[in-house]
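Worksheet for the structure shown next.
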Amino acid sequence: MSTSSSAASSSTSQGGPQTAGPIALSVRRPEVEPGRLVAEMVPPPRFDGVRFDTYVPDPGQPSQTAAVQRLTAFAASLGGAPSGGRRKWFRREPAAPPAPGGVYLDGGYGVGKTHLLASLWHATPAPREQKAFGTFVELTNLVGALGFQRAVRALQGHRLVCIDEFELDDPGDTVLVSTLLGRLADAGVRLAATSNTLPGRLGEGRFAAADFMREIQGLSARFASLRIDGEDYRHRGLPAAPDPYTDEQVTAAARRTPGASLDDFGALAAHLATVHPSRYGALCDGVGAVFLRGVEPITDQATALRLVVLADRLYDREVPVMASGTPFDRLFSEDMLAGGYRKKYFRAVSRLTALARDADRPG
């Protein structure tokens with residue numbers, strides 16, 4: 001059990017030392033320097049210790065074993081300096097179409113794609129400053145914070161850029177990321193990504209993807225797809241998610257738990273609208289366990305998408321969540337779970353359920 005999980009599980013026991021009291025995430029307004037965004041492009045704490053040999057393939061899913069073998073070979077091929085970005089002074093050659101110099105891990109929720117992507121980062125024989133790891137949201141936030149040209153300069157000397165949870169949510173992202181990854185690939189940077197969507201079908205159900213097919217097909221050409229099948233490991237052989245607690249239980253547990261935060265769900269959801277998603281990680285700095293009172297179903301898409309990002313940051317940091325109100329598997333409406341962002345919402349449900357189970361685990 002992680003340290004943060006222990007903090008939350010001890011909170012459900014009787015007695016224990018009194019603390020100075022929980023903080024409230026809903027009053028925090030973190031400021032993040034752009035340099036921190038670059039420095040923190042490494043695997044999050046949950047995946048800091050993972051390696052290819054700690055990935056346990058499902059014997060019934062041969063694609064998982066094949067993925068480990070393919071990625072191990074891919075990592076071994078990254079030992080040299082970036083091969084692109086060199087100007088040919090003495091001859092002109094016609095521009096060649098982009099070759100699939102990257103790898104794209106496509107699969108369902110909880111099959112271990114992020115584990116494998118982080119293992120690739122760790123296995124790549126390059127200094128930390130020459131390889132980057134971040135979610136798609138973190139990558140777009142980096143460009144927003146630095147500006148496009150500074151972001152290109154910050155990443156173009158890397159041997160590897162890993163992008164977790166790759167997806168296109170709007171036309172702006174499509175054009176931005178297509179251009180950015182094209183510039184990086186032309187500079188010799190190798191790319192790796194994970195997603196629940198095949199590269200050629202990115203953006204479907206979110207915007208008029210057909211109008212941006214040139215950009216989407218250009219992105220797809222940068223990657224060789226690698227399918228990973230399997231069931232969600234987070235719930236494989238585990239009990240169902242715990243039932244919600246009462247408001248009184250959540251409040252009392254938070255007051256007994258060092259490093260806890262305690263918020264009313266509605267207040268936190270409203271506060272997230274005032275904080276840029278690039279700062280959600282900083283919002284959680286120093287928090288060992290999150291306690292929420294009065295979780296209720298979300299009907300607003302913008303609020304739902306912000307909570308998806310927060311769930312990702314909490315999961316990355318292994319911060320358990322104890323809550324009252326609506327169970328997490330009923331957090332998003334049926335319309336949302338059937339819409340264009342359904343994969344994001346199912347991932348959030350899966351991760352929040354795992355964090356709720358961590359908080360419920362006996363000490």
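The values are calculated or read from the model by the stated rules, or taken from the named source; none is laboratory data. Source: prediction; values computed, not measured. Cβ sites come from the backbone with ideal geometry, for glycine too, and all protein chains shown count toward neighbours. SASA here: full protein model, heavy atoms, side chains in, ligands and nucleic acids out. Shrake-Rupley method; radii C 1.70, N 1.55, O 1.52, S 1.80 Å.
So which residues in the range 127-150 are open to solvent by less than 50 Å² (accessible area, probe 1.4 Å) and either in contact with a His (Cβ under 8 Å, 6 or more places away or on another chain) or hydroxyl-bearing (Ser, Thr, Tyr) (or both)? The answer is 131, 132, 135, 140, 141. Say whether the condition of being modelled with pLDDT under 95, assigned to a strand (DSSP E or B) and more than 15 Å from the chain's Cα centre (by Cα) is met by at least one residue in the range 87-102. Yes; the residues of the range 87-102 include at least one that is modelled with pLDDT under 95, assigned to a strand (DSSP E or B) and more than 15 Å from the chain's Cα centre (by Cα).
Within the option set 50, 27, 56, 68, being exposed (fewer than 13 other Cβ atoms within 10 Å of the Cβ) and at pLDDT 95 or above holds for one residue only, 27. Yes or no: residue 307 of a type in the set (A, V, I, L, M) and in contact with a helix residue (DSSP H, G or I) (Cβ under 6 Å, 6 or more places away or on another chain)? So residue 307 fails the test. Of the residues making up the range 163-176, just one is farther than 24 Å from residue 77 by Cβ, hydrophobic (A, V, I, L, M, F, W, C) and within 18 Å of the chain's Cα centre (by Cα), namely 168.
Please determine whether any residue of the range 299-312 is open to solvent by 40 Å² or more (accessible area, probe 1.4 Å) and more than 22 Å from residue 196 (Cα to Cα). So far as the range 299-312 goes, yes, one or more of its residues are open to solvent by 40 Å² or more (accessible area, probe 1.4 Å) and more than 22 Å from residue 196 (Cα to Cα). For the range 24-52, filtering for residues that are farther than 13 Å from residue 112 by Cα and outside any loop (DSSP other than H, G, I, E, B) leaves 10. Candidates in the range 151-177 are the residues that are part of a helix (DSSP H, G or I), in contact (Cβ under 8 Å) with a residue 40 or more places away in the chain and open to solvent by 30 Å² or more (accessible area, probe 1.4 Å); of these, the one that is nearest to residue 220 (Cα to Cα) is 175. Among residues that are over 21 Å from the mean Cα position of the chain (by Cα) and surrounded by fewer than 22 Cβ atoms within 10 Å (Cβ to Cβ), residue 286 is not included.
For the range 122-162, a residue qualifies if it is over 20 Å from the mean Cα position of the chain (by Cα) and of a type in the set (A, V, I, L, M, F, W, C), and the qualifying residues are 126, 146, 148, 152, 154.
Note on the range 248-279: residues that are charged (D, E, K, R), at pLDDT 95 or above and in a helix (DSSP H, G or I) amount to 3. Restricted to the range 338-352, and to residues there that are open to solvent by less than 30 Å² (accessible area, probe 1.4 Å) and not basic (Lys, Arg), the residue that is modelled with the lowest pLDDT is 340. Answer yes if at least one residue in the range 269-278 is open to solvent by less than 60 Å² (accessible area, probe 1.4 Å) and over 30 Å from residue 35 (Cα atoms), and no otherwise. For the range 269-278, residues open to solvent by less than 60 Å² (accessible area, probe 1.4 Å) and over 30 Å from residue 35 (Cα atoms): absent.
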